[in-house]
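What follows is calculated from the coordinates using simple rules that are stated; it is not laboratory data. These numbers were taken from a predicted model, which means no experiment stands behind them. Cβ: placed from backbone, ideal geometry, glycine included. Neighbour counts: every protein chain shown.
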């Protein structure tokens, strides 16, 4: 039995806390061990991680805001990184981890396929990762799994593929609070339009999913169309997590399509709104053979994002060094279960 | 653009011919090129592969029964190997390919997870593959995809997994002739029992799927139960490919379960019979989150086996050297499509 992977949790917001909790739960398997924790929030610094996430017993790992010291002292195998969605805000954090000789698995949506928005950053990260013999990869449930890796896998047994459409329908009312904020639940249509104009509102990563999937298939597009619209509540909806009045925004309908010669080759359709019914993930491959794959009830995002981060750690630790995307790693799978 | 992968087709039965055809079709992409063909059948030796598979124009590749010469003369990157289901009958063929410096992707069902039935052969193959810097992997639609790789991928976004059940229901009446023979369609119940007693009848590879999936999850069992029963036709069935009278065998129901402490953790259920309706593949993961994945209409095996072999070629060519199973390779995906 190899010794447990030493994990540092970098970022202790809601996702980071859930990730740390999952690592602690899996520690009994001796496959992973929480070795350190980093966050800049003064309310968190100095606290035991177990205390922070509401466990009874101490876990002996204290939150620090000094990333370099934590990395130097704990010499982690893998950093689970959950700080922000945007690469230009935090690429230096990734570089710091890589320089410390740690593989990095990050929830940063733009890292799921960084070559398009940030080609220079991607080149630099790849060079740094190779230089230090580590893997850097972005993942999560979406981007990272539901609308890209799963869809790519769905083509695995196809001789030919003409067209792919991917749908994800999420009832934001069944999810943690941040998601409702993210999809604008309860906003007026005008407030939604204002937020949308900032360019950082809504789901981040649909373009990354489209391009990772296309790259995996060897496809390129001459046109990409992206669209973000509000879903307006037709009647008032109330859930344990949210309340939306009639005519208010219930959530988002976000689509992206990749075209060649005016024909849609690849289409991703994401709806996340309070009150959505018959949640599902669906991949439809028009090909030989065709594939009509559906996950009834959908993949529950709150748990699944955490799972993807933790499950990718052992795969990243075994991969060739460099910057990768999910298409480059072995098939994702759970570990240290039961 | 890298130069095309040079492919040798080893074995030109129905699957091998279809694989060669797929490689020829994909040649226009300049990702692959058929470089050679091997078969021992005197009726095939000396013929142009294109002629053999019913294409009009010659492809310039002649079938030879001299494997070593073909490998030496064509120096293939990858051999697509489709000769038999059983490893002890043909492991020397794999070794010959590896010694010639070629990666091998084989449809040999026992190679999909060779460590259980043939641990010594697996060790030897791994050593030979490493020595010559090549990858050897067994794949296909089943084993290789529908009941193992896809099921493993279905757990990718799970924090915990308690139990997995996988179902595949195939209408053998819609498939090529060899499948009906394989499942005993048209036999009497007595004749089925006799064939079953040989131990080489029916679907090969369910045990391999179970164990590959378990290995991917880090699971091991204290008991494995396998069962093969005939499906008896309740009324006569006739399809373009098959005819089965009432009370004759329509096909097989093959199951395998992996247990720990008398509890079933993993269950694979395969039905292939003439007249099966509502074909599907299904993976049900009892976990956190749960996953209920279904492919409506199922994955059409004749095409999909060929696709898995061809699609695995570029992945095998990029992998670390050694003997691998599908859990070790990047997520399967189509290539050179459209």
Here the averaged projected area of the stretch A:5-142, based on the convex hull of its alpha-carbon atoms and given in nm², is 7.9 nm²
Rounded to whole Å, give me the distance from the Cα center of the stretch B:48-71 to that of the stretch A:1-71. 60 Å
Over chain A, what relative contact order in percent results from Cα pairs under 8 Å that are six or more residues apart? 20 percent
If we restrict to alpha carbons, what Rg and Dmax does the protein assembly as shown come to, in Å? 25.8, 79
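What is the calculated FRET efficiency for residue B:69 to residue B:198, with r their C-beta to C-beta distance and R₀ = 41 Å, to the nearest 0.05?
Working: r = 35 Å, r/R0 = 0.86.
Once the sixth-power term is evaluated, E becomes 0.70.
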Zone residues, the stretch A:175-208, relative to residue A:245, backbone N less than 13 Å from point 7 Å out along Cα-to-Cβ: A:186-189
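Using Cβ contacts closer than 10 Å as the measure, can you line up A:194, B:167 from fewest to most?
Numbers: A:194 11, B:167 19.
With the sparsest Cβ surroundings first, the list reads A:194, B:167.
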Taking only C-alpha pairs under 8 Å that are 6+ residues apart, what is the relative contact order of the stretch A:149-298 in percent? 38 percent
Which shape class, rounded, prolate or oblate, goes with the stretch B:123-179 when its Cα gyration tensor gives a ≥ b ≥ c as root eigenvalues, a/c under 1.5 marks rounded, and past that a/b bigger than b/c marks prolate? oblate
Step by step: find N for the stretch A:212-336, compute 2.2 N^0.38 Å, then divide the Cα radius of gyration by it. What's the final number? 1.32
Just to be sure I understand: with springs between alpha-carbon atoms less than 10 Å apart, which residue in A:24, A:55, A:270 has the highest mean-square fluctuation in the Gaussian network model of chain A? A:55
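Mean residue ellipticity at 222 nm from the helices of the protein assembly as shown, using -39,500 (n - 2.57) per DSSP H segment of n ≥ 4 over the full residue count, to the nearest 500 deg cm²/dmol? Present the calculation step by step, with values, prior to reporting the outcome.
Working: 20 runs with 204 residues, N = 676.
Calculated from helices alone, the mean residue ellipticity at 222 nm is -9000 deg cm²/dmol.
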Provide, in order from the shortest bin, the percent of all Cα-Cα pairs of the stretch B:149-298 in each 10 Å bin, continuing until the bin that contains the maximum pair distance. 11, 37, 31, 17, 4
Within a 10 angstrom radius of each residue's Cβ in A:285-292, how many Cβ atoms of other chains show up on average? Whole number is fine. 6
From the square roots a ≥ b ≥ c of the eigenvalues of the alpha-carbon gyration tensor of chain A, which class results: rounded (a/c under 1.5), prolate (a/b over b/c), or oblate? oblate
I'd like the distance between the alpha-carbon centres of the stretch B:208-282 and the stretch B:286-315, rounded to an integer number of Å. 16 Å
Along its principal axes, what span do the Cα atoms of the stretch A:107-228 show, with the longest given first and each in whole Å? 46, 38, 30
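Would you please classify the overall shape of the stretch B:37-85 from the alpha carbon gyration tensor, given that a ≥ b ≥ c denote the square roots of the eigenvalues, rounded means a/c under 1.5, and beyond that prolate means a/b larger than b/c while oblate covers the rest? Walk me through the numbers before you get to the answer.
Details: a/c = 1.60, a/b = 1.32, b/c = 1.21.
Note, shape of the stretch B:37-85 comes out prolate.
Sorted by mean Cβ packing within 10 Å, highest first, what order do the peptides B:233-243, B:2-12, B:152-162 take?
On the way: B:233-243: 14.9, B:2-12: 21.7, B:152-162: 25.4.
With the highest mean Cβ count within 10 Å placed first, the list reads B:152-162, B:2-12, B:233-243.
Could you order the peptides A:206-214, A:60-68, B:183-191 from most to least packed, using the average number of other C-beta atoms within 10 Å per residue? Mind dumping the intermediate values first?
Numbers: A:206-214: 25.7, A:60-68: 17.0, B:183-191: 19.4.
Packing order, densest peptide first, comes out as A:206-214, B:183-191, A:60-68.
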Placing each pseudo-label 7 Å from Cα in the direction of the beta carbon, residue B:181 and residue A:123 end up separated by a distance in nanometres of 5.8 nm
Arranged from highest to lowest average of other beta-carbon atoms within 10 Å per residue, in what order do the peptides A:301-314, A:25-38 appear? A:301-314, A:25-38
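Under the definition of partner shielding as Cβ atoms of other protein chains within 10 Å of a residue Cβ, what is the mean value for peptide A:167-179?
That works out to 0 on average.
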Most fluctuating residue of A:93, A:180, A:223 in a GNM of chain A with Cα springs under 10 Å: which is it? A:223
Which angle from 0 to 90°, rounded to the nearest 10, does the C-alpha axis of helix A:119-131 make with the longest principal axis of chain A? 30 degrees
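Average partner chain C-beta neighbours within 10 Å, per residue of A:214-225?
Working: counts 0, 1, 6, 6, 9, 4, 0, 0, 0, 0, 0, 0.
Average per residue, whole number: 2.
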Evaluated at q = 0.15 Å⁻¹: base-10 log I(q)/I(0), Debye formula over Cα of the stretch B:276-338: -0.69
